[in-house]
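What follows is a single structure, written as structure tokens, with notes after it.
The values are calculated or read from the model by the stated rules, or taken from the named source; none is laboratory data. What you are looking at is a predicted structure, and each value in this text was computed from that prediction instead of being measured. Here Cβ is always computed from backbone atoms with ideal geometry, including for glycine, and neighbour counts include all displayed protein chains.
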Amino acid sequence: MKILLVSTNITDTPYPVYPLGMGMIAAALEAAGYQTLQYDFMQHDASLETLQTFVREKQPDIIGLSIRNIDNVNLANEQRYIHIARDIVQGLKNVTEAPLILGGSGFSLMPEAILDACGADYGIVGEGENLMVDFVRNAAHKRFPSQPILRAPPALRGIQIPPANYDRRIMRYYLKNGKTASIQTKRGCTHKCAYCSYPLLEGSHIRCRDPRAVVDDIRRVIDEYGANMVFFTDSVFNDDAGHYLDVLRAMKKRGARTPWVAFLKPERFDDETLSLMIDTGLRAVELGSDAPTDTTLRGLAKSFTFADIVACNRQLTAHGVAVAHYYMFGGPDETPDTVREGINNIVSLENSVAFMFMGIRILPATPLEQRAIRDGLIPPTGNLLEPVYYLAPGIDKDWLESTLTTGFKDHRHCVFPPDKFEAQVRLLHQLGHVGVLWDLLAPGGREGGARRRTSAGSGSAPGNYPKSGITAP
């Protein structure tokens, strides 16, 4: 059996990110003995004709299609992506009779609606490694599921989560944009943020990979592929149980002092932890600050206060770590007063960069969906495939957009709308600079740093609120 896996993602916001999930499925299939090909749609200029030609030449027996983004979750500049997957499915049906299977974190959010919209044969919801292997094994004997949607619980133990099979040609393409490689150290999230779907996708219990295997991955992407930085794609790297410290200790033990970046929950680190982070190569963090007032943080069910955000920001920047914050305005319990308070709070943060979103994309089966129903913003049986954003009752969209634009216009380190800086980042990457380069915006940051070939920043998966689950590793 010959299997073709296709990443359908075309978003490069703020820069292209390697399709790590596809590489993990490929690793599972190859470990089971199946010939597996990987194809990245964006790498080939999103050309359906080129993909069709590839399929004609390779004649795969089964094709898996990964859907990473449903939309860009940016109310100020909305973009939708499901039609891309639909066109790919229909185009492939014209050149092959191979079963077409949808998967990926975007698909798993709304599987019935997306399968219906795209017209593929099957879909896999959740953790796809075992189910994809089972599907292929049964298909080899002409046995196919009676139902089109297959559901996988987050059942893999940490040591069973495979290291990604990085396709060399695809990796070369992504390393042209920032020289940063993605690595996952664990799955699952124990937090209960109101808007977030990660616990639904990866489970509410953390499953950690062997730290030694993580370090093997780090050495591989640096030594074999030429990456200059590593981005840990975990939903939250600094988990409360401290598993991330095991990874850092393994890095230090094996001398893997590699520039790394991660998504962190704001907290106050003790000296020993911070020293370990710095010693192993911490260069930048993206903080899931999410809301800029205590009132709106409580509305999102956050476990920290704005004072914690301030303390974490001060602690990290004092050690030369570049820090980016992400904030969502208009969420539960937002009022005109909290909007103005939040603007003042964000502007006052020192030596960091902030990206602001307006409204919060409502995802199925999240507490935010239930809140939106209670607030009368959506019906109980509404279809959320078309983007629907939560804006607190009493918050007018036009007023909010105008207030945010005015409030941040004179502050270079405060970016609204959040995609305003993207074109500059892409240009700098094309010129050979490393990272996401948002540290260029930080007050007191490196003057003229864009002329150099390195940057502190690395960044998380694009086109998404931190931890919202629209995107996959």
Checklist entry - Yes or no: His433 modelled with pLDDT under 95, under 20 Å from Phe329 (Cβ atoms) and in a loop (DSSP other than H, G, I, E, B)? => result no
Next on the checklist: Anything in segment 161-180 that is closer than 22 Å to Ala31 by Cβ and either in the same structural domain as Glu202 (by TED's automatic domain parsing) or in a loop (DSSP other than H, G, I, E, B) (or both)? List them, or say none.
Outcome noted: Ile161, Pro162, Pro163, Ala164, Asn165, Tyr166, Asp167
Next on the checklist: Going residue by residue through segment 78-100, is there one that turns out to be touching a Phe, Trp or Tyr at 6+ places or on another chain (Cβ under 9 Å), in a strand (DSSP E or B) and assigned by TED's automatic domain parsing to the domain that holds Gln52?
Outcome noted: yes
Checklist outcome for this item: Residue hits (segment 16-38; within 18 Å of Ser182 (Cβ to Cβ) and in contact with a helix residue (DSSP H, G or I) (Cβ under 6 Å, 6 or more places away or on another chain)) are Pro16, Tyr18, Ile25, Ala28, Gln38
Checklist entry - In segment 63-110, which residue that is of a type in the set (D, E, K, R) and surrounded by fewer than 18 Cβ atoms within 10 Å (Cβ to Cβ) is modelled with the lowest pLDDT? => result Glu78
Checklist outcome for this item: Flagged pairs (Cβ under 8 angstrom, 6 or more apart or on separate chains; first in segment 16-40, within 21 Å of Ile159 (Cβ to Cβ); second among the aromatic types (Phe, Trp, Tyr)) are Gly23/Tyr166
Checklist entry - Out of the residues in segment 41-77 that are among the polar types (S, T, N, Q) and either part of a loop (DSSP other than H, G, I, E, B) or within 18 Å of the chain's Cα centre (by Cα) (or both), which is nearest to Ser197 (Cα to Cα)? => result Asn69
Checklist entry - Looking at segment 381-429, which of its residues are under 30 Å from Leu175 (Cα atoms), at pLDDT 90 or above and aromatic (Phe, Trp, Tyr)? => result Phe416
Checklist entry - If you go through segment 228-259 one residue at a time, how many are among the hydrophobic types (A, V, I, L, M, F, W, C), part of a helix (DSSP H, G or I) and either modelled with pLDDT under 95 or buried (at least 19 other Cβ atoms within 10 Å of the Cβ) (or both)? => result 4
Next on the checklist: Based on this model, can you work out whether Phe135 counts as touching a residue at least 24 places away in the same chain (Cβ under 8 Å) and either surrounded by fewer than 17 Cβ atoms within 10 Å (Cβ to Cβ) or under 26 Å from Asp71 (Cα atoms) (or both)?
Outcome noted: no
Checklist entry - Pick from Glu78, Glu30, Glu97: which is among the acidic types (Asp, Glu) and under 13 Å from Met132 (Cα atoms)? => result Glu30
Next on the checklist: Suppose we filter segment 111-120 for residues that are outside any helix (DSSP H, G or I) and either surrounded by fewer than 20 Cβ atoms within 10 Å (Cβ to Cβ) or free of Cβ contacts under 8 Å to residues at least 24 places away in the same chain (or both); how many remain?
Outcome noted: 1
Checklist outcome for this item: So the helices (runs of 4 or more DSSP H) completely within segment 300-417 holding 2 or more residues that are in the same structural domain as Cys193 (by TED's automatic domain parsing), touching a residue at least 60 places away in the same chain (Cβ under 8 Å) and buried (at least 16 other Cβ atoms within 10 Å of the Cβ) are 336-348, 367-374, 397-408
Checklist entry - Out of (1) at pLDDT below 95; (2) in a strand (DSSP E or B), what's the single condition that is false for Gln38? => result (1)
